[in-house]
Each structure stands twice: as structure tokens, then as C-alpha cells.
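*Asks:* Can you keep this structure in mind? I'll have questions shortly.
What follows draws every value from the coordinates through simple rules; no lab data is involved. What you see is a predicted model, and the numbers here were worked out from it, not measured in a lab. Note that we place each Cβ from the backbone using ideal geometry, even for glycine, and neighbour counts take in every protein chain shown.
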Amino acid sequence: MTSPRNTNRQPTRASAATFRRRRIIALAVLATLIIIIWAVVSAIASWFGTTFGGDGTPTPMATDGSSITASNACAPADISVVGIVANAAGSSQSAFASGINPYFGYQITNNSAADCTFDVGALTTFYTVTSGTETIWTSEQCDRTTLTAMPMVLKAGQMTPSDLGEWFAVYSSVKGCGSEQNKVKADGASYHLDVSVGGVSAKDTVQFLLN
């Protein structure tokens, strides 16, 4: 007769070296996840800040050669700015149905015969909405603490469009300019957009209606 097996054998315990290896692997995985999350959050924050300049100032899209520094700065007299009021698809629009918000941007043109460098950064870009003599909304009252300058080479005779930013159809105040502010009047109310970039203001305002 064979002897019964010993069923009370204690489980084998992992060695201290095994525990150390497992701890190192776990820490490495955790560190990798933290780096990935940080990179994603930073990218989103950078995109939002660059596009809206805090919460209200779009900035121009880069074009070929925009990162190359020209030897001469643009003379303000050679620069023209035209405001843009558009829909979410980027098409110009002058009237908006109830609940549909306009998008603001601009076109900037170097009218000289030579490439030159001009600051198109959100720090020096301002949008103002008026109705009659009343200032309804201005990006000057947005949170501008993170805005920066952005020198950009403007090609001779070339028009460069900016990115578009959504206006939430609100008043701005000393408390801010975002969607949490009081809504403006609609029902066919008329408004005008004025844009200034790098100290150069648009020659004309852009009229639009909120229905």
C-alpha cells in the first residue's frame, strides 16, 4: 500500500528578489502611464490656449515658411486686417438662427513687395463686438494670463487666414468673457465685429445678425 500524499504542504513563497522585480515593473508601468496622461493633457491645453487665447482669442494658422525669421519687420502701414464672421464649418455668414453661435477670425495680408515678420500672437490680438455705441463683448476681458506673442513671416502679397473661435453670444465683463456670462439679445439684433492684430485694426467692422 502506498502512503498517502502530504496535502498540508505550505505554498512556496516568492523570494525577495522576485518581489523587487515585480515592484520595479509596476513602478515603470505607472511612470509610463503618468507620462502619457501628462502628454495628452498638455496637448489639449496647448491646443485650446492657442486656438482661443484663454477663452476668446483665435490665432493664425501657420503657413509654409512661417517659422522662418525674416530680416525685416513688417511696417504696420503695409499690413491689412479683415475681420471674419463665420459658421462652424468656416464659411462666412451674416445671420444666425436661434441657438447657433458665430465664429470669429480674420485675414491678414502683407501688402508690401517683400516678406516680413509680424506679431500675430494672441497676446496682441483683440476682438470687440459692438451694437450701436455699446461695447457688448471684448476679448480684452478674457483671461489673457497665458497668451504669448507669435512672430510670423508674412509672404509678400499673400493673405493668411486665422483659426476661428466660437463666440458664445454673451456679454463680457470684469468677470470674464466665456459661456458663463450673460446672454446677449437676439431676435434679429444687429452686431458688429472689430478686429485688431499686432496694433493694426481692420478698416471696417463686420455686421451680423442674431435671430
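*Asks:* Using θ = phi - 60° and the Karplus form 6.51 cos²θ - 1.76 cosθ + 1.60, what ³J(HN,Hα) does each residue of the range 121-134 get, whole Hz, x for Gly and Pro?
*Replies:* With coefficients 6.51, -1.76 and 1.60, one gets x, 4, 4, 10, 10, 9, 10, 9, 10, 10, 9, x, 9, 8 Hz.
*Asks:* How big is the convex hull of the Cα atoms of the range 106-204, per residue, in Å³?
*Replies:* On the way: hull volume 11.1 nm³, N = 99.
Dividing the Cα hull volume of the range 106-204 by its residues yields 112 Å³.
*Asks:* Could you check the simple spin-label distance between Ala95 and Thr32, using points 7 Å along Cα→Cβ, in nm with one decimal?
*Replies:* Computed distance between label sites Ala95 and Thr32 equals 5.8 nm.
*Asks:* Moving to a separate point now. List the residues whose amide H sits under 5 Å from the amide H of Asp143, counting only those 5 or more places along or on another chain, with H placed 1.01 Å from N in the peptide plane.
*Replies:* Asp55, Cys177
*Asks:* Using 17 Å as the cut-off for backbone N distance, which residues of the range 123-160 belong to the label zone defined by a point 7 Å from the Cα of Ala114 along Cα→Cβ?
*Replies:* 152-158
*Asks:* Please identify the chymotrypsin sites (Phe, Trp or Tyr not before Pro) of the range 108-201 that satisfy two criteria: DSSP loop assignment and at most 13 other Cβ atoms within 10 Å. Which are they?
*Replies:* none
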